[in-house]
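Before any comments, here is the structure.
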Amino acid sequence: MSQNEDEKLEAILRQRRVEPASQDLATRIILKAQGLPQIRNISLWQSVRQLFAEFHLPAPGYVLASALILGMIVGFTATPENTNETNAQIAAQSFLSADEGPL
């Protein structure tokens with residue numbers, strides 16, 4: 001904003017009439033709050049519905065992604081039933097030439 005526009009805005013704000021709050025505002029708020037029920041009786045069915053609403057499943061994309069990640073983690077940590085690790089290492093090293101070592 002330019003300096004002229006800032007001065008116009010300040011002039012408008014100074015001309016604005018500010019109304020003070022009424023004297024009984026706090027009293028009206030307190031009386032209105034006292035009329036509202038603070039504790040309500042919840043039926044068993046409503047409490048069960050609220051419990052399930054709090055623990056709902058996320059979007060299907062998140063469920064699928066987490067299932068895939070969990071499957072990969074379990075797959076990498078599970079030991080294979082056939083322990084042919086030495087044969088697998090020899091087969092993997094046969095592709096490497098003599099001057100190339102494992103990284």
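Of the trypsin sites (Lys or Arg not before Pro) found in segment 1-40, the ones in coil according to DSSP and having at most 13 other Cβ atoms within 10 Å of their Cβ are ARG16, ARG17, ARG40. Other residues with beta-carbon under 14 Å from the beta-carbon of LEU13 carry, at +1 per Lys or Arg and -1 per Asp or Glu, a net charge of 0. Within segment 1-80, the chymotrypsin sites (Phe, Trp or Tyr not before Pro) that combine a DSSP coil assignment with at most 10 other C-beta atoms in a 10 angstrom radius are PHE55.
Bear in mind that the values in this text are calculations on the coordinates, not laboratory data. Predicted model only: the values in this text are computed from it and were never measured. Cβ sites come from the backbone with ideal geometry, for glycine too, and all protein chains shown count toward neighbours.
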